[in-house]
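Notes for the one structure printed next.
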Amino acid sequence: MSEGTAVETRVDCHVKVLDESVVERAIAAGLDVIVYAPHFTRLPEIRRRANRFSSEDLLVVPAREVFTGSWRDRKHVLAIGLEEPVPDFIPLEAAMAEFERQGAAVLAPHPEFATVSLTEADLRQYRDAIDAVEIFNPKHLPSHNRRARELADLFELPPFTSSYAHLTSTVGVAYTAFEAEIGSEADLVSALVDGVPRRVAHQTGRQRWRTTASELAHLCYENTWEKVDRLFLSGTEPTHPNHIAYDGRFDDVSVY
């Protein structure tokens, strides 16, 4: 956490990977906080891993990027500060209602990117419930980032950025620097909900394009073999709304 005329906390607001090498890279990049939100992993497990890798040098905050809707109409929403698990594959309106009930901070990652993101219409509908819009993502091309910034400006929503790291090498290439001291999950939720002033920073030049190429290659893998394995070979996903872990709470809204 930087010291001087003003407090600044550097947060990588969304990473998918977490181990010792991720922690080392985050600290080397000057980060104070990373938000850990892996795909298809239940909140208790995310929280256990986040606690395991948190230290005085780096706070790891657990979060869920919930896949709302069906496979054909997925809309990803990032929720920070959840107390109870929320499954994937429930309608967007059901997920947003659950986030509100739990008092979570709600972020819109990679808006209008591919077919897995909140649209302009979604942002308009849930403007009062969304706390920040991602305006830079390493997977984006420049046109995607320009559009994301336009959407944040259009709805006057605070910006954020993240590495969206699916690869260790991507951690820390983009971060959000909040003008506040953030030493806990609750502090981060408050900073987001209260709209604390912040700046976004990210890699530029050749290294930025190498990162983009690597992450896009991983995206192709995610949507080919890994997807086949998940759908047909691995059985019921831990975040499936009909999974026994949810005690039937979401059976009536499952759209899987």
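Descriptive notes on the structure:
- Selection count where residues are of a type in the set (S, T, N, Q), part of a helix (DSSP H, G or I) and under 24 Å from ASN242 (Cα atoms), scope the range 21-56: 0
- The range 65-81, residues that are in a loop (DSSP other than H, G, I, E, B) and among the β-branched types (Val, Ile, Thr): none
- Selected residue (only one of PHE89, PHE67, PHE53 is surrounded by fewer than 19 Cβ atoms within 10 Å (Cβ to Cβ), among the aromatic types (Phe, Trp, Tyr) and farther than 24 Å from ARG198 by Cα): PHE53
- Some residue of the range 82-96 being among the β-branched types (Val, Ile, Thr) and assigned to a loop (DSSP other than H, G, I, E, B): yes
- Scanning the range 110-143 for residues that are open to solvent by less than 60 Å² (accessible area, probe 1.4 Å), part of a helix (DSSP H, G or I) and touching a residue at least 24 places away in the same chain (Cβ under 8 Å) gives GLU120, ASP122, LEU123.
Conditions tested, residue by residue: (1) farther than 26 Å from GLU179 by Cβ; (2) in contact with a helix residue (DSSP H, G or I) (Cβ under 8 Å, 6 or more places away or on another chain); (3) acidic (Asp, Glu).
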position: ALA26; (1), (2), (3): no, no, no
position: GLY30; (1), (2), (3): no, no, no
position: PRO44; (1), (2), (3): yes, no, no
position: ARG48; (1), (2), (3): yes, no, no
position: VAL60; (1), (2), (3): no, yes, no
position: HIS76; (1), (2), (3): yes, no, no
position: PRO85; (1), (2), (3): yes, yes, no
position: GLU93; (1), (2), (3): yes, no, yes
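- Total residues in the range 170-204, condition among the small types (Gly, Ala, Ser), buried (at least 17 other Cβ atoms within 10 Å of the Cβ) and in a helix (DSSP H, G or I): 1
The values are calculated or read from the model by the stated rules, or taken from the named source; none is laboratory data. Keep in mind that what you see is a predicted model, and the values were worked out from it rather than measured. All Cβ positions, even for glycine, are placed from backbone atoms using ideal geometry, and neighbour counts span all protein chains on display. Accessible surface areas use protein heavy atoms only, side chains included; no ligands, DNA or RNA. Shrake-Rupley method; radii C 1.70, N 1.55, O 1.52, S 1.80 Å.
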